[in-house]
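Note sheet for the following structure.
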Amino acid sequence: MKIKEEASERHVLTITVDNEAGILAKIAGLFTARGYNIDSLTVADITENHSVSRITIVTHGPPAQIDQIHAQLERLVPVHKVVDLTEIGPYVERELALIKVAGTGDIRVEALRVAEVFRAKVVDTSTRSFVFELTGTPDKIDSFVAIMRELGIVEVGRTGVVGMIRGPEAA
């Protein structure tokens, strides 16, 4: 007997929720209980009175699994809205990374040259290291990190993806 495997798709979900204790644990628990993976997770307060937060989750799975995740998220009581940016249309996604690279001499020069090509900003420097700030798509950050790894990466910190649909309307 052969089990048919569906193609896994990457999806960016934005979830608007009440800003209350335990909501992130409920959402993470929903993923954990069903064996779904979270590739990226960001959370931020989005209202002046701190009552609502926006959670952005990047996950992957076959279409039926993504539909199930969407439906289960909408059933959670403090959830106002779930939007799958991948399905809704054109959207912008960005991630921020801090990358520390150590080196002297030619390595420093090469690190600065590569950073310029990627439009990475130097946010800290010493005689033996740099900390670069880079904003872009996850692929752009992955590429920058791969090149810098050869030059002497010491540490990498990444925020996770945030996304928003293009155009004048809200998601």
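The values are calculated or read from the model by the stated rules, or taken from the named source; none is laboratory data. Because the structure is predicted, anything quoted here is derived from the model rather than measured. For neighbour counting, all protein chains shown are included, and Cβ atoms are generated from backbone atoms with ideal geometry for every residue, glycine included. Keep in mind that these areas ignore ligands, DNA and RNA; they rest on the heavy atoms of the full protein, side chains included. Shrake-Rupley method; radii C 1.70, N 1.55, O 1.52, S 1.80 Å.
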Q | Distance in nm between pseudo-label sites at LEU98 and GLU74 (7 Å out along the Cβ direction from Cα) | A | 3.9
Q: Have a look at ASN49, ASN19, ASN37 and tell me which one the Gaussian network model of the chain (Cα, springs below 10 Å) gives the largest fluctuation.
A: ASN49
**Q.** the chain, relative contact order [Cα under 8 Å, separation at least 6], %
**A.** 26
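Taking 0.36 nm per residue of separation and subtracting the Cα-Cα distance, what length does fully extending GLU48 through ALA33 add?
Working: separation 15, 0.36 × 15 = 5.40 nm, distance 3.34 nm.
Contour length minus Cα-Cα distance gives 2.1 nm.
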Q) Under 5 Å between amide H atoms, partner at least 5 residues away or on a different chain: which partners does VAL122 have, H built in plane at 1.01 Å? A) GLU133
Q. Where the only charges are on Cβ atoms (+1 Lys, Arg; -1 Asp, Glu), what is the dipole of region 1-88 about its Cα centre, to the nearest 20 debye?
A. 280
Q) To the nearest 10 Å², what's MET164's accessible area with a 1.4 Å probe? A) 120
Q: Before rounding to the nearest 500, sum -39500 (n - 2.57) across all DSSP H runs of length at least 4 in the chain and divide by the residue total; then give [θ] at 222 nm in deg cm²/dmol.
A: -10000 deg cm²/dmol
Q: Could you point to the residue in VAL122, LEU41, GLY167 farthest towards the positive end of the chain's charge dipole, with +1 and -1 charges on the Cβ of Lys/Arg and Asp/Glu respectively?
A: VAL122
Q: Among HIS50, HIS11, HIS70, determine the one that fluctuates most according to a GNM of the chain built with springs between C-alpha atoms less than 10 Å apart.
A: HIS50
Q) If you place +1 on the Cβ of every Lys and Arg, -1 on the Cβ of every Asp and Glu, and leave all else neutral, what size is the dipole of the chain about its Cα centre, to the nearest 20 Debye? A) 260
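Quick one: ranking GLU20, GLU116 by accessible area, 1.4 Å probe, largest first, what do you get?
GLU116, GLU20
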Q. Where only protein heavy atoms count, and the probe is 1.4 Å, what is the accessible area per residue for region 1-112 in Å²?
A. 58
